[in-house]
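Beneath this line is the structure, given in C-alpha cells, with notes to follow.
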Amino acid sequence: MRAFSAAASIWHRTVVAALSVAMIAPPLAAQPVGMPASHPHMDRLTLIVPAAVGGGWDLTAKAMKASLEREGLVGQVSIVRYPGAGGLIGLSQFVAHDRGKDDILLIGGLVMLGASLRDEAAVTMRDVTPIARLTGEWEVLAAPVTSSVHSIADIRATMLRDPAKLRWVGGALGGPDQGLVYSFAEQLGVSPDNIEYYARAGGRRVTETLLEGRGDVGVSGYAEFGPSLTSHALKVLAVAAPHRLAGINAPTLRELGIDTTMMNWRAVFAAPGISATQQDRLAGIVAAMAHSPSWHTQLGTQHWTDAYLDGMPLSQFIGREQTRWADVINPPRRGGDFAVEQGGWWSARANMITGLVALVVLLGVAAWMTLGLRRRRRMTRELEKRCDALSAQLDLAPTSAGAAVKTVIDGDFQEWRLSEAENDIAWFMLRGLPLREIADVRGTSERTVRQQAQAIYRKAGLDGRSDLAGRVLERFI
C-alpha cells in the first residue's frame with residue numbers, strides 16, 4: 001500500500017510539472033526529439049561567445065565544451081570571445097568572416113535579439129543559420145547583503161515613492177534583464193522613463209557592480225550570481241518564475257504580488273552560407289549532446305531549464321520572439337503621465353504656445369548644427385595643413401623621422417606590455433595587413449592571430465584596429 005502511495009505521489013508530481021510547463025511557458029516547451037540513429041563526430045569545433053567571461057553565454061559555451069568532449073562528439077572544442085553591444089559585435093564578426101564554415105557555432109539568444117531590435121542593427125539573427133535552442137533560465141533578483149534593500153517590499157516602496165532612487169543593474173540594453181525591470185515597473189504603474197537601469201556586459205560584471213556599491217538591485221540568471229550567492233556576498237530576493245525553483249530558497253515574484261515572469265533563452269547558430277548537409281551534421285552533433293547524460297547534469301548544476309528546440313519550429317519561434325520582444329523593450333508611454341485637458345480657449349492657447357516653443361527650439365538646433373558643421377570643416381582644413389607639413393618634414397629627413405616614429409610607437413607597445421608576438425602583430429596591423437595575411441606571414445592560424453589582436457586591444461584599452469591606428473596617429477598630428 002505504501003509502495004502504491006509513493007508511486008501515485010511520483011505520478012501526480014510528474015503530471016503537475018508537465019502541465020505547468022505546457023500551460024505557463026508554451027513557447028519554451030521542449031520538443032520531443034529522438035536521439036540520432038548514428039553517433040556523429042567532429043575532430044574540431046569552435047564556439048563563438050559574443051560576450052565577456054562569466055556571463056550566461058560564456059557559461060553555456062563551457063558547459064557545451066565539457067559535454068561535447070566527454071561524450072566523444074567532438075575531439076577538441078575551442079572557445080573564442082568577441083564581447084560587446086549585447087552580442088552584436090560577435091554576430092557581425094561571425095557573419096562577415098565565417099561564412100560557409102561548418103566547424104564553428106555562435107552562441108546567442110534573447111539578449112542578442114533584444115539588442116538588435118533596440119539598436120536597429122543591420123545584422124540580426126536572420127543572417128545566421130539556427131541550429132538549436134538549448135536552455136531557458138528564469139531571471140533572479142539579487143542584492144548585496146550590505147544593501148539597504150532587503151526584500152521585494154523595499155523595492156516596491158522605493159519605486160512608488162521615487163523610482164529614480166533605485167539603481168537597477170543588469171545585462172545588455174534590450175535584453176531580458178531590462179525587460180523584467182520594465183515589467184516590474186508596469187505592475188506598479190511606474191513609467192519606464194523614470195527607471196534607472198545600468199547595463200553591464202554579462203552576469204559577472206553585474207555582480208561586480210553590486211559588490212562595489214554602485215547598484216542596489218541586480219537582475220541576471222542564478223548561475224551567473226552563483227559564486228557570490230554561495231559566499232553569501234549576495235542574497236536572492238525573488239525568482240521571476242511561475243513556481244519556486246528546486247535548489248533556490250527564494251519566493252517567486254507572483255507570491256509577492258508582482259504578477260510577472262521572465263525566462264532568458266539561449267541557442268546556437270551556424271554560419272551563413274553552409275550547405276544543408278553541413279547544417280544537418282552540426283544539428284546532429286548538438287542534438288546528441290542535448291540528449292546526453294552529461295548535458296542534463298550541467299542543466300541541473302546551473303539551474304537551467306531544458307528548452308531544446310530545432311528545425312522549422314525553432315525558426316518560427318524566433319520569428320514570434322521578434323514581434324513579442326519589440327513590445328516588451330519599447331513599452332507604450334502611460335497616458336496618465338502626459339494627460340492634457342481637451343477643449344476650451346486655454347487648451348488652444350497652450351497648444352499655440354507649445355508650437356511656438358517647439359519652432360524656436362528647432363531653429364536653435366538648426367543654427368547649432370550649422371555652426372558645428374562649419375567648425376568641423378575648419379578643423380578638417382587645419383588638420384590637412386598639419387598633415388601636409390608633417391609629410392614635408394618626413395620627406396626632408398626620412399631616415400631620422402622614420403626612426404623617431406618607430407621609437408615612439410615602440411614606447412607605446414612597451415607601455416601596453418605587449419608580448420613579442422603581440423608586438424609583431426600590432427606592427428603588421430598598423431601597416432594595414434589583414435589578419436589572414438598576418439597569419440600566413442607568421443606561420444600560424446588566423447584564429448590565433450585574431451585572439452592575439454583581441455589581447456592587444458584589451459591591454460591598450462581600445463575597441464579595434466581603427467582605434468589602434470587612431471591612437472598612434474594622434475601622437476604625430
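Summary table below
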{"read-out": "Number of the condition not met by Tyr198 [criteria: (1) of a type in the set (Ser, Thr, Tyr); (2) crowded, with 19+ Cβ neighbours inside 10 Å; (3) not in a helix (DSSP H, G or I)]", "value": "(2)"}
{"read-out": "Qualifying residue in the range 16-38 (condition: in a loop (DSSP other than H, G, I, E, B), open to solvent by 20 Å² or more (accessible area, probe 1.4 Å), more than 30 Å from Arg436 (Cβ to Cβ) and at pLDDT 90 or above)", "value": "no"}
{"read-out": "Test: residue in the range 212-221 that is over 18 Å from Leu299 (Cβ atoms), small (Gly, Ala, Ser) and touching a Lys or Arg at 6+ places or on another chain (Cβ under 6 Å)", "value": "yes"}
{"read-out": "Failed condition for Ser147, given (1) of a type in the set (Gly, Ala, Ser); (2) in a helix (DSSP H, G or I); (3) surrounded by fewer than 24 Cβ atoms within 10 Å (Cβ to Cβ)", "value": "(2)"}
{"read-out": "Every pair of residues 6+ apart whose Cβ atoms lie under 8 Å, when the first sits in the range 174-193 and is in contact (Cβ under 8 Å) with a residue 24 or more places away in the chain while the second is among the basic types (Lys, Arg) and surrounded by fewer than 16 Cβ atoms within 10 Å (Cβ to Cβ)", "value": "Gly189/Arg334; Ser191/Arg333; Ser191/Arg334; Asp193/Arg333"}
{"read-out": "Inter-residue pairs, beta-carbon under 6 Å, first touching a residue at least 24 places away in the same chain (Cβ under 8 Å) and in the range 290-306, second among the β-branched types (Val, Ile, Thr) and open to solvent by less than 50 Å² (accessible area, probe 1.4 Å), 6+ apart", "value": "Trp304/Thr135"}
{"read-out": "Filter result for Thr158 (part of a helix (DSSP H, G or I) and open to solvent by 10 Å² or more (accessible area, probe 1.4 Å))", "value": "yes"}
{"read-out": "Top-ranked residue of the range 259-273 - restricted to ones that are part of a loop (DSSP other than H, G, I, E, B) and crowded, with 20+ Cβ neighbours inside 10 Å, ranked as farthest from the chain's Cα centre (by Cα)", "value": "Ala271"}
{"read-out": "Residue that is nearest to Thr260 (Cα to Cα) [pool: residues in the range 201-228 that are open to solvent by 10 Å² or more (accessible area, probe 1.4 Å) and not in a helix (DSSP H, G or I)]", "value": "Asp216"}
{"read-out": "Among the candidates Ala164, Ala172, residue that is modelled with pLDDT under 90 and assigned to a loop (DSSP other than H, G, I, E, B)", "value": "Ala172"}
{"read-out": "Complete set of residues in the range 231-245 that are open to solvent by less than 10 Å² (accessible area, probe 1.4 Å) and out of contact with any Pro (no Cβ under 7 Å at 6 or more places or on another chain)", "value": "Val239, Ala240, Ala241"}
{"read-out": "Subset of the range 175-195 (residues that are under 21 Å from Ala51 (Cβ atoms) and outside any helix (DSSP H, G or I))", "value": "Gly175"}
{"read-out": "Qualifying residue in the range 447-467 (condition: among the aliphatic types (A, V, I, L, M), at pLDDT below 80 and not in a helix (DSSP H, G or I))", "value": "yes"}
{"read-out": "Search result, residues across the range 58-87 that are within 18 Å of the chain's Cα centre (by Cα) and open to solvent by 20 Å² or more (accessible area, probe 1.4 Å)", "value": "Leu59, Lys62, Ile79, Arg81, Pro83, Gly84, Ala85"}
{"read-out": "Restricting the range 225-252 to residues that are in contact with a strand residue (DSSP E or B) (Cβ under 9 Å, 6 or more places away or on another chain) and among the β-branched types (Val, Ile, Thr), the residue that is modelled with the lowest pLDDT", "value": "Ile248"}
{"read-out": "Tally, over the range 113-146, of residues that are among the hydrophobic types (A, V, I, L, M, F, W, C) and closer than 16 Å to Leu47 by Cα", "value": "4"}
{"read-out": "Some residue of the range 189-212 being touching a His at 6+ places or on another chain (Cβ under 9 Å) and closer than 25 Å to Ile318 by Cβ", "value": "no"}
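The values are calculated or read from the model by the stated rules, or taken from the named source; none is laboratory data. Please read these numbers as outputs of a predicted model, since none were measured by experiment. Virtual Cβ from ideal backbone geometry, glycine too; neighbours counted across all protein chains shown. When the accessible area is computed, the model is the full protein with side chains, heavy atoms only, and any ligands, DNA or RNA have been set aside. Shrake-Rupley method; radii C 1.70, N 1.55, O 1.52, S 1.80 Å.
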